[in-house]
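Values quoted throughout were computed directly from the atomic coordinates according to the rules given, and no laboratory measurement underlies them. What you see is a predicted model; the values in this text were computed from it and never measured. Here the Cβ positions follow ideal geometry from the backbone for every residue, glycine too, while neighbour counts run over all protein chains shown.
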Amino acid sequence: MRDAASQARGRPEEPGRGRAPETTPRRGREDTRMGDSQQPVAARPATRRPKWPIPLALLGLLGLALAAILGSTNRARAELPNDFNAVRQYSGTANGLLNLPALQAGDFNNAIMSNTPVTGQTTVRVLDNSGDNARVLDERTLNVGGTQIGGGSNTYAVNRRTMEPASGAPQDWNVQPHQGLAVGFPADAQRHDYQGWVSDTQTTTTLRFVREENRGGVNTFVYQTDMAQTPIRDQSVLASLPSSLSRAQLQGIVPSLPVSADQRTALSQALPGLPDQVPMNYTSQGSATFWVEPTTGQIVDTQRSVIRNGTIGGPGGATLATLPVYNVDTAFTADSVAAAGREAADRRDTLNTSGRVWPWILGTLGALALIAGLLGLLMRRRPEPAPRPPAAGQRPTEPARRPRPTEAQRPEEREAGRRRRESQPGGPQPPYGGATRHTGPYREARPGEPEHAEHAPSEEEQPPRRRPGQQP
């Protein structure tokens with residue numbers, strides 16, 4: 001029928017005219033195969049995991065490792081430094097002080113000093129280190145008028161982190177046993193009480209947390225303690241005091257003793273009946289206040305009041321009088337407080353920056369990167385959706401892709417397949433190849449021109465054009 005229409009129009013049908021162009025499937029895209037009775041089937045592309053999660057997870061692990069390294073370095077820096085050496089100057093007043101050289105020389109008028117200005121120096125220095133333990137020297141001197149008249153030193157083995165007594169210290173360390181805090185406070189000090197060590201009496205005392213206040217330009221925790229009167233047991237202190245006084249020495253210092261008149265009269269009356277050497281017993285009591293920078297545990301300032309008394313015993317064990325051998329109030333000088341505050345601030349800033357801020361930042365970023373990387377590894381990249389075949393009656397937006405017919409296909413099969421596809425609804429139709437005569441006047445005829453035909457051609461002369469997909 002189509003051939004008849006072409007012959008009626010007087011034009012032969014051009015081969016291949018009106019067919020959909022045949023295209024070769026591109027490499028890497030969907031391979032669409034169409035059979036004679038099957039719908040197009042698209043090969044689903046293989047899915048691949050994204051590559052970015054692996055380096056992101058590795059960066060997260062690196063951040064966590066750096067945070068852990070900086071954190072451990074901070075803990076090491078929070079310990080008592082290996083080369084710690086704090087030298088502080090102090091000053092104060094000797095309310096009552098036994099001048100042993102003057103007493104031994106028979107200068108009884110200067111044997112007891114009262115209300116005398118004193119100066120001194122305290123030194124806390126690390127001597128040796130062994131792992132987490134350190135051997136620390138605590139030394140004090142006392143001067144009057146530039147002359148040293150007293151002092152003492154003690155050596156302790158402490159844990160560098162807790163400042164408590166060391167465990168497993170080397171056997172060759174010559175140290176004195178103790179309990180509690182003896183030479184300082186631990187880093188990261190807390191707002192609670194600590195147990196302190198009193199070297200004079202070889203006992204412990206409670207260091208009470210009382211308040212916070214600014215001292216030496218830094219914020220400090222304030223701890224206070226009060227020590228009750230207790231017999232002195234420190235052998236180094238007892239060695240610096242006379243174990244006994246002669247009757248002549250007692251008689252010479254009675255007028256200078258800070259005792260009541262009744263006690264002075266009783267002592268003068270009891271002197272003739274005393275032995276030539278009167279034994280002395282010593283006790284110690286006092287109080288102390290410490291200003292501690294909490295991050296480093298460094299002592300910024302100290303106020304101490306130490307009272308050591310010697311008791312003079314009479315017949316039957318009675319106490320005849322009390323001899324003030326050491327009654328001194330001291331505190332750090334202003335320069336020492338300022339220097340201690342600067343040292344504590346510098347060390348605190350170093351610990352906070354390198355040991356707390358950076359580990360926190362690196363740890364947070366590392367954890368986020370690691371989580372994002374792991375989530376990325378668990379996710380699959382979504383494949384591109386395969387194109388769907390056009391619905392029946394719907395004209396495709398692009399020509400269907402199919403493989404070219406092979407030489408093995410017979411011409412009859414190719415022609416039958418072409419006709420079948422052209423007859424399907426929505427398939428491409430060959431365009432109209434005939435000629436359409438003009439119907440109706442365009443304009444009035446000019447003089448001498450033939451007029452146009454006023455009638456339309458018949459179907460035999462001009463077949464009507466069909467819509468796409470319309471069956472003949």
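For the listed peptides 131-144, 265-278, a ranking on the average number of other beta carbons within 10 Å per residue, highest first, reads 131-144, 265-278.
List the relative contact order of the range 113-231 as a percent without decimals, with contacts defined as Cα pairs under 8 Å and 6+ residues apart. Write down the numbers at each step before the final one.
Working: 220 pairs, mean separation 17.2, N = 119.
14 percent.
Computed from the Kirkwood radius of its Cα pairs, the Stokes-Einstein diffusion coefficient for the range 308-348 at 37 °C and 0.692 mPa s stands at 237 µm²/s. Amide H to amide H, with H built 1.01 Å from N, Leu245 comes under 5 Å of Val278, Met280, counting only residues 5 or more places away or on other chains.
Each residue of the range 323-338 was assigned a 3J(HN,Hα) from its phi angle through the Karplus expression (A = 6.51, B = -1.76, C = 1.60, θ = phi - 60°), giving 9, x, 8, 7, 9, 10, 10, 9, 7, 4, 6, 4, 5, 5, 5, 5 Hz with x at Gly and Pro. Put simply, the amide H of Val300, placed in the peptide plane, has neighbours under 5 Å in Trp291, Val292, Glu293, leaving out anything fewer than 5 places away on its chain.
Assuming 1.306 mPa s and 10 °C, estimate D for the range 78-332 with Stokes-Einstein, Rh taken as the Kirkwood radius over Cα pairs, in µm²/s. Could you put the intermediate results ahead of the total?
Numbers: Rh = 19.8 Å.
Here the translational diffusion coefficient equals 80 µm²/s.
What is the packing order of peptides 234-240, 342-348, 152-158, taking the mean over residues of other C-beta atoms within 10 Å and listing the highest first? All intermediate terms of the calculation are to be shown ahead of the outcome.
Working: 234-240: 14.3, 342-348: 17.7, 152-158: 19.6.
My ranking of the peptides, most packed first, is 152-158, 342-348, 234-240.
Sparse packing (at most 11 other Cβ atoms within 10 Å of the Cβ) combined with a DSSP loop state is found for the following trypsin sites (Lys or Arg not before Pro) in the range 174-240: Arg191. Couplings for the range 224-235, taken from phi via the Karplus curve 6.51 cos²θ - 1.76 cosθ + 1.60 with θ = phi - 60°, read 10, 8, 10, 10, 6, 5, 9, x, 6, 10, 6, 5 Hz in order; Gly and Pro are left as x. Plainly put, the range 213-344 has a radius of gyration that is 1.16 times its Kirkwood radius, both from alpha-carbon atoms, as the Rg/Rh ratio.
If the viscosity is 0.692 mPa s and the temperature 37 °C, what Stokes-Einstein diffusion coefficient in µm²/s follows for the range 174-218 when Rh is the Kirkwood radius over Cα pairs? Answer from the Stokes-Einstein relation: 267 µm²/s.
Please report the relative contact order for the range 78-332, taking Cα pairs under 8 Å with a sequence separation of at least 6, and give it as a percent rounded to a whole number. Walk me through the numbers on the way to the answer.
Values: 598 pairs, mean separation 46.0, N = 255.
After rounding, I find 18 percent.
Each of Trp360 and Arg420 was given a label point 7 Å from its Cα along the Cα-to-Cβ line. The distance between the two points is 7.7 nm. Take each peptide in 110-119, 305-314, count the other Cβ atoms within 10 Å of every residue, and average; sorted highest first, the result is 305-314, 110-119.
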